[in-house]
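Below: one structure, written as structure tokens.
All of the numbers you see were taken from the coordinates with simple rules; none came from a lab. Since we're looking at a predicted model, the values are computed, not measured. Glycine gets a Cβ as well: all are built from the backbone with ideal geometry, and neighbour counts include every protein chain shown.
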Amino acid sequence: MFRGSSQHTIDSKGRIIIPVRFREPLQESDDHSLMISRLDNALFAYPPEEWRKIEERIHSLAEKSDAMRRFRRVFIGAVQHCPLDKQNRILIPPELRNYAKLEKEIVLVGVLDHFEIWSKQWWEAENLKLEKEDMQNEEVQSEIAKLGL
């Protein structure tokens, strides 16, 4: 499970060091790698086993609306297999780096079954949106209250 967030840097070649707490779930598998796709101006990184579950759920969707076909096409079509190297780094392909605007400062955010890779600037904007917009919405407040928080 992936939890917590931390600031990191991406080097000029597009490599990111995976922190120890995020490496541990990856080492349970024989394939020390990540499947990385794009969504919400960020990158979503899944261990291969979790990625297979995502693909199965997407494939089994009964609804085949235009929007869901586009989502499937883009989300599955953008995925890249990214193995960890001996220094516990992954290389983020240029097309994914460009999509998420990853330049120097980044934030890794654990979201239980995966973690997300954000540019620091977009992560700060996401946090601000939560505070200024979402937390002011009564429906969102109600959903959070149902969690017992």
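Just to verify a number: FRET efficiency for Glu28 and Ala145, C-beta to C-beta distance, R0 = 25 Å, to 0.05? Please list the in-between numbers first.
On the way: r = 35 Å, r/R0 = 1.39.
E(calc), rounded to 0.05, equals 0.10.
Quick check for me: using +1 on Lys/Arg Cβ and -1 on Asp/Glu Cβ, what's the dipole size of the chain about its Cα centre, in debye to the nearest 20? List each step's numbers first, then the result.
Working: 23 positive and 26 negative charges, 107 e Å.
Taking the Cα centre of the chain as origin, the dipole is about 520 debye.
Through the Karplus equation 6.51 cos²θ - 1.76 cosθ + 1.60, θ set to phi - 60°, convert the phi angles of region 138-149 into ³J(HN,Hα) values in whole Hz; use x for Gly and Pro.
Per residue, the Karplus-derived 3J(HN,Hα) values read 4, 5, 5, 4, 5, 4, 5, 4, 4, 7, x, 9 Hz.
Determine ³J(HN,Hα), in whole Hz, for all residues of region 7-23 in sequence, where each value follows from phi through the Karplus function 6.51 cos²θ - 1.76 cosθ + 1.60 and θ = phi - 60°; x replaces Gly and Pro.
8, 9, 10, 10, 7, 5, 8, x, 9, 10, 7, 7, x, 3, 5, 8, 6
For Ile106, what residues show an amide H to amide H distance below 5 Å, using hydrogens built from the backbone and excluding near sequence neighbours?
Amide H neighbours of Ile106, under 5 Å, 5+ apart: His8, Thr9, Ile10, Lys120.
Under the rule of -39500 (n - 2.57) per DSSP H run of 4 or more residues, summed and divided by the residues of the chain, what mean residue ellipticity at 222 nm is obtained, to the nearest 500 deg cm²/dmol? Mind showing how you got there, number by number?
Values: 6 runs with 61 residues, N = 149.
Counting only the DSSP helices, I get -12000 deg cm²/dmol.
Using the 2.2 N^0.38 Å rule of thumb for compact globular proteins, work out how region 5-120 stacks up: its C-alpha Rg over that value, please.
Values: Rg = 14.2 Å, N = 116, 2.2 N^0.38 = 13.4 Å.
For region 5-120, the normalised Cα radius of gyration is 1.06.
Simple spin-label model, 7 Å along Cα-to-Cβ: His59 to Lys132 in nm?
About 4.3 nm, to one decimal.
Run through region 77-113 and list the trypsin sites (Lys or Arg not before Pro) located in a DSSP loop whose Cβ has at most 11 other Cβ atoms within 10 Å. Let's see the in-between values first.
Values: sites: Lys86, Arg89, Arg97, Lys101, Lys104; in loops: Lys86, Lys101, Lys104.
Qualifying residues, ordered by number: Lys86, Lys104.
Using θ = phi - 60° and the Karplus relation 6.51 cos²θ - 1.76 cosθ + 1.60, list the HN-Hα couplings for region 111-121 in order, rounded to whole Hz, with x at every Gly or Pro.
Along region 111-121, the couplings run 10, 6, 7, 8, 10, 10, 10, 10, 5, 4, 4 Hz.
Counting GluC sites (Glu not before Pro) as exposed when in a DSSP loop with at most 16 other beta carbons within 10 Å, what is the longest stretch of the chain free of them? Could you put the intermediate results ahead of the total?
On the way: sites that count: Glu28, Glu63, Glu103, Glu133.
No qualifying site falls inside 64-102, the longest such stretch.
Too long at a 20 Å Cα-Cα cut-off: which of Lys53/Lys146; Lys101/Lys129; Lys13/Lys101; Lys13/Lys104; Lys53/Lys129? Show your work: numbers first, answer last.
Working: Lys53/Lys146 27 Å; Lys101/Lys129 18 Å; Lys13/Lys101 14 Å; Lys13/Lys104 11 Å; Lys53/Lys129 30 Å.
In this structure, Lys53/Lys146; Lys53/Lys129 exceed 20 Å between Cα atoms.
What's the extension gain from Thr9 to Phe71 if we count 0.36 nm per residue and subtract their Cα-Cα distance?
On the way: separation 62, 0.36 × 62 = 22.32 nm, distance 2.92 nm.
Taking Thr9 through Phe71 to full extension adds about 19.4 nm, to one decimal.
Could you list which residues have their amide H under 5 Å from that of Leu39, counting only those 5 or more apart in sequence or on another chain, with H placed in the peptide plane?
Phe44
Quick one: among Leu91, Leu43, Leu61, which has the greatest mean-square fluctuation in a GNM of the chain with alpha-carbon springs under 10 angstrom?
Leu61
Can you list residues from other chains, or at least 5 along the same chain, whose modelled amide H is less than 5 Å from the amide H of Phe2?
Val111, Leu112, Asp113, His114
May I ask for the Rg/Rh ratio of region 32-74, computed from Cα atoms with Rh as the Kirkwood radius, given to two decimals?
Numbers: Rg = 11.4 Å, Rh = 11.4 Å.
Expressed as Rg/Rh, it is 1.01.
What Kirkwood radius, in Å to one decimal, follows from the Cα pairs of region 58-132? Write down the numbers at each step before the final one.
Values: mean 1/r = 0.0674 Å⁻¹.
For region 58-132, the Kirkwood estimate is 14.8 Å.
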